[in-house]
Amino acid sequence: MTDDQLEDLLVRQGESWRAGQPAAPSLGAMTRLPTPRDARASWLLPALVAAAVLVLVVGTVTLLRQHDPHRPGNPATSTNPTASPAVPVLVPWADLPAPARPAPSSPPGLVDDGVPPEGTKSCQAGDFAATSDAVTPIEAPGAAPWNTGRYLLTVQRVGSDPCAIGGQTPTVNVLDAAGNSLGIGRSSSLVGYSGYELLSPGDVLEVPTKICGTGIASLELRLAVVPEGPGRMGGEDGATVAIPFPGESTCTSGSSSLSHQRVLPAGSLDLLVRSYSVPSRVRSGQRLDYSVTLTNPTSTAVPLDPCPAYRQALINVLKLPDKQGVTRTGELNCAAAPAGVAAHSSITFQMQLGTTGVPAGDRRLVWDWLGSAWTDARGYAEFPTVTVY
């Protein structure tokens, strides 16, 4: 019952009670025949009782309204609209030397020859699922026309048992909204390795690709089957994974192609998405202060033990090796950081890099894990540009 309904009910009850009382004597009658004391008491006492009840009910209603948890402005439940969100983890810079790290000799998980162990099944379509960021642009804003339309396709291994795919480069089929092939994919029957790659549950498969065209709605990523024997290439009719395509491609025409896939084990450093906060300009000889944010988009924590080593460089990627650039290695300040990057969370590391001897001009600030290949299929487009003056 609302406040207005309660007040209306009290008014009607008061009117009903007064209608049932004897009429009060007129002024003339009171003058001629004074009303006895006991006669006045017969109607005055009930009126006083009714008034007291009315005051009690109205006061109770007012008190309840003031403590209503849903009433706007109630200090017991109202939230502060200016309350600040959780402060992200920020790790200060520390000048720590990089320990020796062996460089990988082949893509992770690749077996160059032979067949999988007996009992290992070939991956099927149901063994993979597209991640929430299954199609990620990996080109820099304002990239040259020949360097547009570059994406990274990401699918995750699901299920409970390991499965194997051929080491051969997969095939992409580009579809429109009706599911019809647009005919701008590319066969890869002669590209890749004769071996296989083993994927465990939770592992992530990355495939760099170049996709051009209009009206693209989805992609079919067709993985190679495992070889039938040592030295034999796998076929193209392996597991097919459907991947939604987010909007139009950044290039409207041209051939599409794929580079070799890479298997990233669950919890590995390469699963961390890197983003940068970098000044656009720095004076030659001065220190470049910037930060690198590591974001974990997966449901598995990525540990920082052993503490990762990194390599940073300010170079002209069009003149490699750049003898006028600057390169430094180091180790992250893990002592001031959490034990790992939790699932769906981020850690920001403050970084520093000297620019002594770097001539004026545009440079790429390249930041990568020590021991990984800089000139992988992603190229340098993902790294920010800094103008040295």
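The values are calculated or read from the model by the stated rules, or taken from the named source; none is laboratory data. Every value quoted in this text rests on a predicted model; they were computed, and no experiment measured them. Using ideal geometry, Cβ is built from the backbone for each residue, glycine included, and neighbour counts are taken over all protein chains shown.
Summary of values
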quantity	calculated
Residue selected from the stretch 267-303 under the condition among the polar types (S, T, N, Q), modelled with pLDDT of 90 or more and assigned to a loop (DSSP other than H, G, I, E, B), by the criterion farthest from Thr327 (Cα to Cα)	Ser280
Residues that are surrounded by fewer than 18 Cβ atoms within 10 Å (Cβ to Cβ) and at pLDDT 80 or above, drawn from the stretch 249-265	Pro265
Flag for Gln352 being within 16 Å of Leu294 (Cβ to Cβ) and within 27 Å of the chain's Cα centre (by Cα)	no
Among (1) assigned to a loop (DSSP other than H, G, I, E, B); (2) among the β-branched types (Val, Ile, Thr); (3) surrounded by 14 or more Cβ atoms within 10 Å (Cβ to Cβ) - the single one Thr356 does not satisfy	(3)
Members of the stretch 280-306 that are buried (at least 20 other Cβ atoms within 10 Å of the Cβ) and small (Gly, Ala, Ser)	none
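Residue-wise test of (1) surrounded by 19 or more Cβ atoms within 10 Å (Cβ to Cβ); (2) in a strand (DSSP E or B); (3) over 28 Å from the mean Cα position of the chain (by Cα); (4) at pLDDT 80 or above.
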{"residue": "Val172", "(1), (2), (3), (4)": "yes, yes, no, yes"}
{"residue": "Ala177", "(1), (2), (3), (4)": "no, no, no, yes"}
{"residue": "Gly183", "(1), (2), (3), (4)": "no, no, yes, no"}
{"residue": "Tyr193", "(1), (2), (3), (4)": "yes, yes, yes, no"}
{"residue": "Gly202", "(1), (2), (3), (4)": "no, no, no, yes"}
{"residue": "Leu205", "(1), (2), (3), (4)": "yes, yes, no, yes"}
{"residue": "Thr209", "(1), (2), (3), (4)": "yes, yes, no, yes"}
{"residue": "Ile216", "(1), (2), (3), (4)": "yes, no, no, yes"}
{"residue": "Glu220", "(1), (2), (3), (4)": "no, yes, no, yes"}
